[in-house]
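Student: Below you'll find the structure I mean.
None of the figures in this text is laboratory data; all of them are computed from the coordinates on show. On a predicted model such as this, the values are computed, not experimentally measured, just so you know. Note that we place each Cβ from the backbone using ideal geometry, even for glycine, and neighbour counts take in every protein chain shown.
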Amino acid sequence: MIEVVFERQGDRLVAFRSRGHAGAADPGEDIVCAAVSALLFSVVNTLEHYHVLTDVRVGKKGFLSCEIKEDDGMRKEIQAILSVAHIGITGIVQEYSEFISMEVIDRRIMSC
């Protein structure tokens, strides 16, 4: 199962992370894993293309995290890019919920 978590701070998306493998098919043929990877890495690459200061970590077992460190006057643009990930993952969850889950958490609540 792929688990994706988006973090909000108020009305802004500020981070996301994913981990796991869908297991929907054999490695190299799993369209759920491919869709999630393509979507999230495209978002990371787009943020990097526009020189958004991020903390990106890639690890084993399908781990990827991306945190916005500074919006540098590009808040609307960054939110549009992160919304692509959120809307895209929402669509994948709707179609393949047995292989992927998504959660949105509020950072203000987490820091108490």
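Student: Determine the relative contact order of the chain: mean sequence separation of Cα pairs under 8 Å and six or more apart, normalised by residue count, in whole percent.
Tutor: In percent, rounded to a whole number, it is 38.
Student: Another question, then. Take R17 and E95, extend 7 Å from each Cα along the Cα→Cβ direction, and tell me the distance between the two endpoints in nm.
Tutor: Result for the modelled spin labels: 2.8 nm.
Student: So what is the 222 nm mean residue ellipticity for the chain from helices alone, if each DSSP H run of at least 4 adds -39500 (n - 2.57) and you divide by all residues, rounding to the nearest 500 deg cm²/dmol?
Tutor: -13000 deg cm²/dmol, from helical runs alone.
Student: Give me the number: length gained by fully extending S42 to Q79, i.e. 0.36 nm times residue separation minus the C-alpha to C-alpha distance, one decimal in nm.
Tutor: Full extension from S42 to Q79 adds 11.9 nm.
Student: What is the local net charge at G62, summed over the other residues whose Cβ is closer than 15 Å to its Cβ (Lys, Arg +1; Asp, Glu -1)?
Tutor: +3
Student: Using θ = phi - 60° and the Karplus relation 6.51 cos²θ - 1.76 cosθ + 1.60, list the HN-Hα couplings for the range 67-76 in order, rounded to whole Hz, with x at every Gly or Pro.
Tutor: Ordered by residue, 3J(HN,Hα) equals 10, 7, 8, 7, 8, 6, x, 10, 4, 5 Hz.
Student: Same structure again: Let me know the volume per residue of the alpha-carbon convex hull for the chain, in Å³.
Tutor: Numbers: hull volume 11.5 nm³, N = 112.
Convex hull of Cα atoms, per residue: 103 Å³.
Student: Separate question: Once you mark the GluC sites (Glu not before Pro) that are in a DSSP loop and have at most 12 other Cβ atoms within 10 Å, what is the longest gap between them in the chain?
Tutor: No qualifying site falls inside 30-97, the longest such stretch.
Student: Can you check what the net charge comes to around I78, using other residues whose Cβ is under 15 Å from the Cβ of I78 (Lys, Arg +1; Asp, Glu -1)?
Tutor: -4
Student: How about the range 19-108: which trypsin sites (Lys or Arg not before Pro) there are in a DSSP loop, with at most 11 other Cβ atoms within 10 Å of their Cβ?
Tutor: Sites meeting the loop and neighbour criteria: K60, K61.
Student: With a sphere of radius 14 Å drawn around the Cβ of M1, what net charge do the other residues whose Cβ falls strictly inside it have (Lys, Arg +1; Asp, Glu -1)?
Tutor: Residues near M1 contribute -2 overall.
Student: Using only the alpha-carbon atoms, how far is helix 31-49 inclined from the longest principal axis of the chain? Give it as 0 to 90 degrees, nearest 10.
Tutor: 20
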